[in-house]
Structure formats: C-alpha cells, structure tokens
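Here is the structure we will look at, set down as structure tokens.
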Amino acid sequence: PGQFADSYTKLLQWTDYTGPSTHSVADLQSSRGVQRLHTSDLQGSMNVQFNKYNLLKSGLQVFLYDLDVDRMQGLSNASSAQKVKFHNYPIEGAAYLQDKLEFDGFISNIGLRFDFYDFNTEYYSNIYSPLRNPFTTGISDEFSATLAARSRTKMYTRLQPRIGFSFPLSETSVFHLNYGTFTQKPSFAQVFYNQVSPYGDVQFLGNPRLRPENTRAYDIGVINAFPSDIKVEISAYYKDVTDLIETSNFLGKEGRTYKTYTNREYADIKGMILNMEKSQGQLRGYVKYNYESAKGKNSNDLASPVTYIEGAPTAKLTSTEDVYLDYDRSHKMIANLQYITNSDDGFRMFDIYPLGNMSISATFKFYSGRPYTWDATGQGLQYNKRTPNESELRIKIQKSIKYGKTGIQFYLEGFNLLNTVIYNYGNIFNNLNSSYNLTKWEADQGNIRTYDEWDPYVTDQSIFVITNQPRYFRVGVIFKF
C-alpha cells in the first residue's frame, strides 16, 4: 500500500551443474571405476516491504540430483574386493516465509520453513536379512537379490518454526531471545553406499529409511553498552539434537550379519558466551569466551556400533551413560589488544613521525583439550581422558606511509610466539584411525614424534602427529595506488 507498494526485490534462477567424473586407471591395486554427480537447481526469493512495520521475506529452492557410481575397491586381493554401484535420482528442497516486525525499538522475526526431500529409490524391506526371499521354496532360492521383498521411499516433509525478538531494557542495553528448529538430511553416502562382495555377500548397505537429524535451539542474552565505547554481551544457549546417525549391525535368524546406519544417538549441548569489545579509539580490543558442554552417547557414526538381533527385544548397548563428545571443548577464548597511533604521535625527525600511523596488535587463543578414549583394562570406558590444552600467541606490527595518493604499508607478523605444540587429534587420539599412536602416547608421550614400530627402522612422524607450525615470522610490503 502507498509508498511501499513498489518496495520489493525478487530473484529467480535456474542452474545446471555436472560434477567432475573420477576415473582411476593407474591404481589397480586399490580401486578403479567411475563416479559422476549431475545437479540441477531452481532458486528464487522475494522481499516485500508491506508497510513501515512489516518486511516480508520468502523463498524457494529445489535440487535435482543424478548420482552415478560404479567402482571396484580393495582389489589388492580377492577376499577384500568390493563393488560399489548405484544410480539414483534424489530430490530435495525448501520454502520459507518470514516477517520482520519493527515497533519503536522492538524487533521480531517470525518465520516458517518447509523442508522436503525424497531419496527416490527402493530398498530391501527386511532390515535383518535384506536378501531373504519371502516366497522361498527351498535352500536354492532362500536368498536372492532379485526376489527379496522391496519397498520404495516416500517424500519426507517437515515444518520448522523460527522465532526471534529483541527489545531495549534501557538506553544502553538490549535483550534478545531466539528459538528455532533445524533439520539435516542424511548424506548420500549413508543412504546409497552399498558394499557387496564378488560372491554376493552383503557387507554394508546404505539405509534410505534414515530420518534426518533434528535440532531444537534456544538462546537468550543481553547486550549492554558502557562508557569509553565498551560493549559487553552475555548469552546462554541450549541445543537438543535427536536422531543422530550411527553404524549398526543386524543379525538375521540364519546367522548372516551386515552393517548399516540407523537413527539412534542424540546430543545435549549447552553453553554460555561472554564477549567484551572496544572498537573505537587508539586502544582497541576484544575478549570472547565460550563455555560449552556437549554430551551424548557417541561422537560419530562409527564410534560404538550396536547390534540388533532378529527376534531379540532390544539391541545390545555398548554404553548406558552419557559422555563428553569428542568435539567438546569446555573452554574457548580469544583475546585481542590493538594500539593505533595518530599520524603525529611520537618524536619528529626531518618532518616525519616514525612512530605515527602505526598499529601494534597481539592475539591470544586458548582451547581446552578434547575428550578421547583410553581403556587399557577393557572396562568399556568412553572418552574418559582429554588431550592437552591448545594455545597460540600472534603479533602484528604495521607502519603506513603516504605520498599523495600512493601509500606503502610495511608489516611484521609473528606466529606461535610461545612455540606451543598442537597434536593431531585424528592421527593420535582417534583410536579408529591409529591405535599404535594412541598406545605410544600413553606409554611414551615424549617420543610420540618418532615412529619406531619396526625398530631399528625408525622415522620422524612430526608432520603426521603435529598440526601447527613452530614459531615463525613474516615480513611484507603492500603498495596502494
């Protein structure tokens, strides 16, 4: 209505993308084959300033996929050879509508998102024994990939509300509160990736039955401004994550076992954020601190598989207690302090101020160690120890010189000034990847950089077990025209 009638924007586009084809022809001892991804997408959005109080936003996106994989892997010998083959056409998309309301300092965003997807494929109906023939007449046709019962996937849909609002508590403070639900569909590998031996034995099946991982997220906080251009924010958050995916074993009554994925795990994440910032003046800086607790049963889909037995009432659980997940870091902090000089600061030499137009800054980062599992006595412990804390100190000194419209900037940067060491989590502490290094860490931590499993043939593995660089400096010049 009125002056807002023409205040809108809209965008509509169609793109068509074909991913690269992968051909392995020179590595016959491991794998060979072809994998292609072809993606077509349609996306559009529209914003309408309905009146001075309401800004409406809407959008739509649709993705069409063509997945074609035909590969052989593990070809070093016949017993490890596996064939990975599928050709599927999944679709996914979403539509959303949001209204931003503004009334005298009160701001609210109220939205609704509609997600949908369909893996558009068939799957074996019997989850315990996928190849079992329900109409078998004898041993000869008891198991058959062509006669086994199949079902077809259905379209998954979900409505997700998003609500957020903020309003002033005083002239210097603002309160905010947000709530939303979020969904993440399973990856294509978890749905379509199948491993079948050359003899027809099912080793691993993707699971098109998988539900998406769902998150409910809340956060509440206050931002307050203080004199001297200092701003402080305190907020708390909570995330409830359900239907996390994990690897599971299924054992049929005939004694055949295979692996697949199921929705079983969850995560409980809560924390607090404290930010203090000063962004104006010669002396500037900030401190950002985050306390977090992330707990659940398992950190990833391979951490602790459960076994489902046909006819048994429940699966065999490997753990009944919540543990800190492997990405949990109780404390995270980053602090920065910067001093900027004016053009005429310091002493004068031949009409030049050597200390003018300079910037000196230092940044310090600190992270708590991550949990890992060390269970030498076989008690079934999970994530009972933590890696060393991690820290880094950097500095940067800059000097700017101007000659008319031309400028020159000299800088010196120093990295890891404390010469601390950050160890590679995956290559030491993730027992799924390297039990040798984990055992060595517990028994002989000071010698972790040396690989000596085949002593006296030893080698330095620092590049494998350490993720950061030792102390180093960098100097440079930037010319501006």
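Annotations
- Degrees between helix 435-444 axis and first principal axis of the chain (Cα, 0 to 90, nearest 10): 50
- Remark: spin-label model distance S187-Y457 equals 3.4 nm, labels positioned 7 Å along the Cα→Cβ axis.
- Expected 222 nm ellipticity per residue - DSSP helices of 4 or more, -39500 (n - 2.57), all of the chain, to 500: -1000 deg cm²/dmol
- Pairs over the 29 Å Cα-Cα cut-off, from the set K332/K396; K185/K259; K396/K440; K185/K385; K295/K365: K396/K440; K185/K385.
- Solvent exposure of the stretch 214-273, expressed per residue, is 49 Å² of accessible area, with all protein chains present and a 1.4 angstrom probe.
- Å³ per residue enclosed by the Cα convex hull of the stretch 164-309: 143
- Taking the stretch 271-292 and a reference point 7 angstrom along Cα→Cβ of N342, the backbone N atoms nearer than 11 Å belong to 282.
- For the chain, a Kirkwood hydrodynamic radius built from all Cα pairs, placed in the Stokes-Einstein relation at 37 °C and 0.692 mPa s, yields a translational diffusion coefficient of 116 µm²/s.
- Charge dipole magnitude, Cβ of K and R +1, D and E -1 - the chain, Cα centre, debye nearest 20: 720
- Neighbourhood net charge (12 Å Cβ-Cβ; Lys/Arg +1, Asp/Glu -1) for D99: +2
- Fully extending the segment from N47 to I397, taken as 0.36 nm per residue of separation minus the present Cα-Cα distance, adds 121.6 nm.
- The string of couplings for the stretch 347-357 from the Karplus curve (6.51, -1.76, 1.60, θ = phi - 60°) is 7, 10, 9, 6, 6, 10, 9, x, 9, x, 6 Hz, one whole number per residue in order, with x for Gly and Pro.
- With R₀ fixed at 51 Å, the C-beta to C-beta distance from T172 to Q445 puts the FRET efficiency at about 0.50.
- Length gained on full extension, N384 to N249, computed as 0.36 nm times the residue gap minus the Cα-Cα distance: 46.1 nm.
- Kirkwood Rh (inverse of mean 1/r, distinct Cα pairs), the stretch 211-288, angstrom: 16.6
- With each label modelled as a point 7 angstrom along the Cα→C-beta vector, the S151-T39 pair spans 3.0 nm.
- Cβ-based charge dipole, the chain, positive-most Cα from G285, Y237, N419: G285
- Principal axis extents of the C-alpha atoms in the stretch 266-413 (largest first, rounded to whole Å): 91, 28, 27.
- Rel. contact order, % - alpha carbon contacts under 8 angstrom, at least six apart, the stretch 66-223: 21
- Short-range pairs are left out: with C-alpha atoms under 8 Å and at least six residues apart, the relative contact order of the chain is 7 percent.
- Its Kirkwood hydrodynamic radius, worked out from the mean inverse distance over all distinct Cα pairs, puts the stretch 111-201 at 17.9 Å.
- With protein chains left intact and a 1.4 Å probe, residues in the stretch 381-481 average 65 Å² of accessible area per residue.
- The residue list T387, Y353, I428 was ranked by how far each Cα lies along the charge dipole of the chain toward its positive end, using unit charges on Cβ atoms, and Y353 comes out on top.
- Using a probe radius of 1.4 angstrom, the carbon and sulfur fraction of the accessible surface of the chain is 57%.
- For the stretch 185-262 versus the stretch 79-130, the inter-centroid distance based on Cα atoms is 13 Å.
- Dipole magnitude for the stretch 85-155: computed about the Cα centre from +1 point charges on Lys and Arg Cβ and -1 point charges on Asp and Glu Cβ, it is near 360 debye.
- Calculated FRET value between F86 and K365, using beta carbons and R₀ = 56 Å, to 0.05: 0.80
- Taking θ as phi - 60° and the Karplus parameters 6.51, -1.76 and 1.60, the scalar couplings of the stretch 466-481 work out to 10, 9, 10, 9, x, 3, 8, 10, 9, 10, x, 9, 10, 9, 10, 10 Hz in sequence order, x denoting glycine and proline.
- With the simple model of a label 7 Å out from the Cα in the direction of the Cβ, D375 to D104 spans 6.1 nm.
- Extension gain, D68-F350: 0.36 nm per intervening residue step, less the Cα-Cα distance, totals 94.3 nm.
The values are calculated or read from the model by the stated rules, or taken from the named source; none is laboratory data. Since we're looking at a predicted model, the values are computed, not measured. Cβ atoms come from the backbone with ideal geometry, glycine included; neighbour counts cover every protein chain shown. With ligands, DNA and RNA removed, areas are computed over all heavy atoms of the protein, side chains included. Shrake-Rupley method; radii C 1.70, N 1.55, O 1.52, S 1.80 Å.
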